[in-house]
Number of protein chains: 2
Amino acid sequence: MTLPHPTADQISLPNVLAVLGDQTRLAIIGYLALREGQPTMCMQFTDFGSKTNISYHLAKLREAGITRTEAVGTMRLITLRRDDLNARFPGLLDSIITAAVDLPMVQKIAEAQDEMLAVEQG
Amino acid sequence: MTLPHPTADQISLPNVLAVLGDQTRLAIIGYLALREGQPTMCMQFTDFGSKTNISYHLAKLREAGITRTEAVGTMRLITLRRDDLNARFPGLLDSIITAAVDLPMVQKIAEAQDEMLAVEQG
DNA sequence: TCCTTAGTTCAAATATTATTGAACTATTGA
DNA sequence: TCAATAGTTCAATAATATTTGAACTAAGGA
């Protein structure tokens, strides 16, 4: 099952802005940016909303060309489409991320998860 | 009559993105950017929608801190809050404007108005 | 003063989005 | 094979946003 993604030139500015103009989705982007490099799956976003709600928001992000979703076994790995967005709208994603990582929602959840990780690892 | 504007630190990223995630408002911003320096009043936006509709969209832009609206006689002069936005979210507005001025809606209307101007001036 | 221009405000109608829960698929591990 | 996990889809609901027209204000000019 390969999920549909727009090509870089199909990414539209009004759509990108509309999709990112939502607390939850902006928080998801901030979180992804903080964890960039580490594969991130849907489950990790459940602090931002219910499973079905996160599925909805991640679909919006994917359809807008902001994230890429790869199916790996039963899970999905979510990554930012940094290169494509930067090619299309230079500087846009960077400026948004800079502000998004400071959102209270993102900070709180990233910290909580770091603590859990520390406890797990002793 | 002085219209209410948020201070720079009251400008919120989710709100700015949500407000700009609309065809009409993005076109208004693109148009303002093209005409920057020249005072721009509401009437000039009537190509983008009805008078009452433009009033609604301009209020949204003002309340989000994206534009400044000054009452001068019976008209309103609209300007971009470039400095405030750039201080708050460096690079964001520039990257949006770069793409917004190329929107078909903006191009079409700016060209039509330039032609009218040329005819008027002989 | 009266008319026109420029724009706002309100309420109603529409349209679009977000949220929820139940039922579903697909993969993995025991 | 059976059960659990990870996530999607659907339909219904709730919440927001947009659009429209009619009525309004406020300033300027004849």
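Structure above, values below:
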quantity	calculated
Contact order relative to length of chain B, as percent, for alpha carbon pairs under 8 angstrom and 6 or more apart	33
Distance between modelled label sites at residue A:74 and residue B:74, nm, 7 Å Cα→Cβ extension	7.0
Rg and Dmax of segment B:8-120, Cα atoms only, in Å	13.6, 44
nm² value of the averaged projected area, convex hull over the Cα atoms of the protein assembly as shown	16.0
Under-5 Å amide H pairs with residue A:68, H placed in peptide plane, nonlocal only	A:79, A:80, A:81
Segment B:11-79 versus segment A:1-21: alpha-carbon centroid distance in Å	25
Other copies of residue B:87: label-to-label distances in nm, shortest first, labels 7 Å along the beta-carbon direction	3.8
Peptide-level mean, for B:15-28, of C-beta atoms on other protein chains within 10 Å	5
Extension gain from residue A:41 to residue A:111, taking 0.36 nm per residue of separation minus the Cα-Cα distance	23.4 nm
Distances in nm from residue A:70 to the matching label points in the other copies, shortest first (labels 7 Å along Cα to Cβ)	5.4
Sparsely packed chymotrypsin sites (Phe, Trp or Tyr not before Pro) within segment A:33-96, loop by DSSP, other Cβ within 10 Å at most 16	none
Estimated [θ] at 222 nm from DSSP helical runs (n ≥ 4, -39500 (n - 2.57)) normalised by residues in chain A, nearest 500	-16500 deg cm²/dmol
For residue A:49, inter-copy label distances in nm, listed shortest first [label point 7 Å out on the Cα-Cβ vector]	2.4
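Taken together, the values in this text are just the output of simple stated rules run on the coordinates, not laboratory data. These numbers come from a predicted model, not from an experiment. Please note: Cβ atoms are built from the backbone with ideal geometry, for glycine as well, and neighbour counts cover all protein chains shown.
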